[in-house]
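A short worksheet on the structure shown next.
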Amino acid sequence: MTDSNSTPLSELLSSERLEQVEGWVKKYPEERKRAAIIPIMSIVQEEHGHLTQALMDAVADYLSCPKIAAYEVASFYSMFRLKPAGKYVISLCTNVSCMLAGSEDIKKWFRDELGVAPGETTEDGVFTLKEVECMAACGGAPMLEVNKQYHENLNIDKVADLIKELK
């Protein structure tokens, strides 16, 4: 499965991150090491900010799996980014519970106040807005996540305060 044109993962990661990757692979039998693809791609993204084709290829080669497997994972799960993002990645849930509780108003606030729609980054490169499906916090709707931290029971004022705090 290894492509001689691909850069080895060991050359693309710091020693600390490579150690984390190896730790994940050790959790699985050799013939099932592909099961570590999600945590490994998360580690790679943390180091590089987003996943490029070269990075996904290196992960696939490292795990001896088809490259398409890495592309499928990266394009399916909303936690992966395939292009550069702002310092703060805001994942706004717009599924039914959040929508009924006001996430559409929050999405409009981002457009009106920060000039961004889902999939866009502010001109200063600070905020990227993502629209995501259910994040399993329906009891705290509407909600959003900023760099892995949930913020629930939101309204426009709370979002404005959060953004002011992050700036």
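For this structure, a couple of remarks:
- From the list LEU18, LEU63, LEU55, LEU13, the lone residue that is surrounded by 15 or more Cβ atoms within 10 Å (Cβ to Cβ) and free of Cβ contacts under 8 Å to residues at least 12 places away in the same chain is LEU18.
To keep it simple, each residue is scored yes or no on (1) within 30 Å of PRO39 (Cα to Cα); (2) among the aliphatic types (A, V, I, L, M); (3) in the same structural domain as SER42 (by TED's automatic domain parsing).
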site: TYR62; (1), (2), (3): yes, no, yes
site: ALA117; (1), (2), (3): yes, yes, no
site: ASN147; (1), (2), (3): yes, no, no
site: ILE156; (1), (2), (3): no, yes, no
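- Residue, nearest to LEU9 (Cα to Cα), within the range 64-94, restricted to residues that are under 12 Å from the mean Cα position of the chain (by Cα) and aromatic (Phe, Trp, Tyr): PHE80
- Neighbours by Cβ (under 7 Å, 6+ apart or cross-chain): first from the range 106-135, at negative phi and modelled with pLDDT of 95 or more; second among the aromatic types (Phe, Trp, Tyr) and not in a loop (DSSP other than H, G, I, E, B): LEU114/PHE127; VAL116/PHE110; VAL116/PHE127; THR121/PHE127; VAL126/TYR88; PHE127/TYR88; LEU129/PHE110
- Filtered residues of the range 108-167 (kept if of a type outside the set (D, E, K, R) and assigned to a helix (DSSP H, G or I)): TRP109, PHE110, LEU114, CYS138, GLY139, GLY140, ILE156, VAL159, ALA160, LEU162, ILE163, LEU166
The values are calculated or read from the model by the stated rules, or taken from the named source; none is laboratory data. Everything numeric in this text was worked out from a predicted model, so none of it was measured. Because the Cβ atoms are built from the backbone with ideal geometry, glycine has one as well, and the counts that use them run over all protein chains shown.
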